[in-house]
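Scroll down for the structure; my scribbles are underneath it.
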Amino acid sequence: MFHLIVRARKDAKALQYINERNYGGFLKVSSLGGGRTLGEIEGPLRELLDEPYVPILLLGEAERSLMEEAMPILEESGRPFYARLLRTKRVRNMRVDELHSNIEEIKARFRLGIEWRDGYALNPENPLGVEVHPDYDIYLAIGEGFRNAMRSILGIKLGENPLVLRKLMNLEVYYSGPHRVAEVSKRLGFPTEVLWRIPSSEDVPLERIVELNRDYVEAFAEASRAFLRRFEGHDIVVPWSGGKDSTAALLLAREVFDEVTAVYVRMEYEMPGTDEYVEGLAKKLGVNLIRVDVPMPLERYGMPTHHNRWCTRLKVEALYKAASEFERPLLIVGDRDGESARRRLKPPVLERRNEILGRFLEVMPVKFWSGMMVQLFILMRGIRLHPLYYEGFYRLGCTVCPSLSDWEVRLLKKKGVNELPGEGS
């Protein structure tokens, strides 16, 4: 989670309105007490920087000199931060929607900004110039299988561990070393298409990327753990698919709470390797695992479609039924901003109500992370990702999911999976 810091209490009041309206009040907003000189704000600023949430300092043009004097203090903290002078005289003078847009763009910078230091280092200042957009994501194309698939299917030769910028409509830009080397369209419902490529590749050791980002990712992990500690006293339930996001959510929950239950809703047409991954990792982590098997009667309902995702209803009902066995369930989910605009617009905590569970909370500790941050966090815990991530997958689901791209269908065919969208039932 983020900590929005401004100079004056009136500025904080303007930001708190946005915090309540857009983020459910779960960001932190603080002022520096109205001080106008470094001597007046240095003590309060240092105290705020000791707190676990990731700091964002926002000042207006009238406070430019104060920003310049505060920057060394932010840099000395050794933590990820971002500071911005807004175009208005003071923070409170900016229109609410424009102020919110600034916050959204800064949030995206934290997960998308990259510096090249003989490896990819997360940096919200973004010296590498990766395109920043609130609905974009980045991830690492890890694994020899991923590179082999890119070469054999698309004719693109990549070095080890390239960086991938995932834009809207499943458009992906590939970096090999500090250079952009290809752009690929994986748009749903269309053939995979290479828009351009250049013959350049550079190996980037994964160990180098991990070490460059260790402190950065751990700072976000500590912010997420501080966020989760606000919900002590609940029965902790993590819906776990075996995918990277729900795995990261599970690991964070395990680091905060004494007892964690993972619910694996096992759909009939699950991705290859998921059963083994979930059961093996649950044993390694020592978490309680509830497996619920859900049949998918294709002969009755037909293949799921974008307009009739009956399978999602079955999966959610199975999850809620399992969670209803607990007296006070709290669902910790792996939703992230970079997955879709719809998920980005959700607050980090949702209060839901249904006939099975009644009223309950759903919280999102990795909401502001990128795919790359999630990958690195899992690897830093000495855990391998789901095997399919090493073969070219960005996300996991069912093999009959209508959201599978042509790229994913082709990868599944190579693994011998026959029951696929458009392949008949």
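The values are calculated or read from the model by the stated rules, or taken from the named source; none is laboratory data. Bear in mind that the values here come from a model prediction, so they are computed numbers and not experimental data. Quick reminder, even Gly has a Cβ in these numbers, built from the backbone with ideal geometry, and neighbours come from all protein chains shown. Ligands, DNA and RNA are excluded from the accessible area calculation, which covers all protein heavy atoms including side chains. Shrake-Rupley method; radii C 1.70, N 1.55, O 1.52, S 1.80 Å.
Select from region 1-30 the residues that are in contact with a helix residue (DSSP H, G or I) (Cβ under 7 Å, 6 or more places away or on another chain), over 27 Å from VAL363 (Cβ atoms) and either open to solvent by 30 Å² or more (accessible area, probe 1.4 Å) or small (Gly, Ala, Ser) (or both) and list them in ascending order.
Across region 1-30, the qualifying residue is only LYS10.
Looking at LYS283, LYS315 in this structure, which one is open to solvent by 70 Å² or more (accessible area, probe 1.4 Å), touching a residue at least 40 places away in the same chain (Cβ under 8 Å) and within 25 Å of LEU251 (Cα to Cα)? Write out each step before concluding.
Values: LYS283 fails: touching a residue at least 40 places away in the same chain (Cβ under 8 Å).
So the residue among LYS283, LYS315 that is open to solvent by 70 Å² or more (accessible area, probe 1.4 Å), touching a residue at least 40 places away in the same chain (Cβ under 8 Å) and within 25 Å of LEU251 (Cα to Cα) is LYS315.
Which condition does HIS3 not pass, out of (1) within 25 Å of ALA341 (Cβ to Cβ); (2) in a helix (DSSP H, G or I), if it passes all the others?
(2)
When residues of region 339-378 are filtered for being closer than 18 Å to SER224 by Cα, open to solvent by 40 Å² or more (accessible area, probe 1.4 Å) and more than 15 Å from the chain's Cα centre (by Cα), how many remain?
Looking only at that region, the number is 1.
Name every residue in region 289-312 that is within 25 Å of ARG353 (Cα to Cα), of a type outside the set (Lys, Arg) and surrounded by 11 or more Cβ atoms within 10 Å (Cβ to Cβ), in order of residue number.
If we filter region 289-312 for residues that are within 25 Å of ARG353 (Cα to Cα), which is where we start, we get 289-294, 306-312.
Now narrow it down to the ones that are of a type outside the set (Lys, Arg): 289-290, 292-294, 306-308, 310-312.
Across region 289-312, the qualifying residues are LEU289, ILE290, VAL292, ASP293, VAL294, ASN308, TRP310, CYS311, THR312.
In this structure, does TYR120 turn out to be hydroxyl-bearing (Ser, Thr, Tyr), in contact with an Asp or Glu (Cβ under 9 Å, 6 or more places away or on another chain), crowded, with 18+ Cβ neighbours inside 10 Å and under 30 Å from GLY177 (Cβ atoms)? Even if it seems obvious, please write down each step before you answer.
Working: hydroxyl-bearing (Ser, Thr, Tyr): yes; in contact with an Asp or Glu (Cβ under 9 Å, 6 or more places away or on another chain): no; crowded, with 18+ Cβ neighbours inside 10 Å: yes; under 30 Å from GLY177 (Cβ atoms): yes.
No; evaluated as a whole, the condition is false for this residue.
Considering every residue within region 192-206, establish whether at least one is part of a helix (DSSP H, G or I) and free of Cβ contacts under 8 Å to residues at least 12 places away in the same chain.
Start the filter on region 192-206 by keeping residues that are part of a helix (DSSP H, G or I), which leaves 206.
This time we only want the ones that are free of Cβ contacts under 8 Å to residues at least 12 places away in the same chain, so: none.
No, region 192-206 has no match at all.
Could you say whether any residue in region 314-336 is under 19 Å from SER403 (Cβ atoms), basic (Lys, Arg) and within 17 Å of the chain's Cα centre (by Cα)?
From region 314-336, those under 19 Å from SER403 (Cβ atoms) are 314-316, 319, 333-336; that's our starting set.
From what's left, basic (Lys, Arg): 315, 336.
From what's left, within 17 Å of the chain's Cα centre (by Cα): 336.
Taking every residue of region 314-336 in turn, at least one turns out to be under 19 Å from SER403 (Cβ atoms), basic (Lys, Arg) and within 17 Å of the chain's Cα centre (by Cα).
With the condition kept exactly as written, say whether any residue in region 73-88 is surrounded by fewer than 16 Cβ atoms within 10 Å (Cβ to Cβ) and more than 24 Å from ASN126 (Cα to Cα).
no
I'd like the full set of residues that are under 21 Å from HIS386 (Cα atoms) and open to solvent by less than 10 Å² (accessible area, probe 1.4 Å), limited to region 225-243. Give the steps one after another, and end with the answer.
Looking only at region 225-243, we keep the residues that are under 21 Å from HIS386 (Cα atoms), and these are 237-243.
Within region 225-243, VAL237, VAL238, TRP240, GLY242, GLY243 meet the criteria.
Return only the number of the condition from (1) within 25 Å of the chain's Cα centre (by Cα); (2) small (Gly, Ala, Ser); (3) assigned to a loop (DSSP other than H, G, I, E, B) that GLY233 does not satisfy.
Of (1) within 25 Å of the chain's Cα centre (by Cα); (2) small (Gly, Ala, Ser); (3) assigned to a loop (DSSP other than H, G, I, E, B), only one is false for GLY233: (1).
Tell me whether region 252-268 contains one or more residues that are open to solvent by 10 Å² or more (accessible area, probe 1.4 Å) and touching a His at 6+ places or on another chain (Cβ under 7 Å).
no
Are there any pairs with C-beta distances below 7 angstrom linking a residue in region 213-226 that is part of a helix (DSSP H, G or I) to a residue that is of a type in the set (Val, Ile, Thr) and open to solvent by 10 Å² or more (accessible area, probe 1.4 Å), with the two at least 6 apart or on different chains, and if so which?
Partner pairs satisfying both residue conditions: ARG225/VAL256.
Which is modelled with pLDDT of 95 or more and more than 22 Å from the chain's Cα centre (by Cα), of GLU276, GLU211? Give the steps one after another, and end with the answer.
Working: GLU211 fails: more than 22 Å from the chain's Cα centre (by Cα).
None of the other options fit; the residue is GLU276.
So which pairs qualify, if the first residue must be in region 407-425 and on the phi > 0 side of the Ramachandran plot, the second must be modelled with pLDDT of 95 or more and not aliphatic (A, V, I, L, M), the Cβ gap must be under 9 Å, and the two must be at least 6 apart or on different chains?
Listed pairs, sorted by first residue: GLY416/PRO272.
Assess whether SER324 counts as being among the hydroxyl-bearing types (Ser, Thr, Tyr) and within 21 Å of PHE257 (Cα to Cα).
Values: among the hydroxyl-bearing types (Ser, Thr, Tyr): yes; within 21 Å of PHE257 (Cα to Cα): yes.
Against the criterion (among the hydroxyl-bearing types (Ser, Thr, Tyr) and within 21 Å of PHE257 (Cα to Cα)), SER324 qualifies.
Quick check on region 189-201. Is at least one of its residues open to solvent by less than 50 Å² (accessible area, probe 1.4 Å), under 21 Å from GLU339 (Cβ atoms) and modelled with pLDDT of 95 or more?
Yes, region 189-201 contains a residue that is open to solvent by less than 50 Å² (accessible area, probe 1.4 Å), under 21 Å from GLU339 (Cβ atoms) and modelled with pLDDT of 95 or more.
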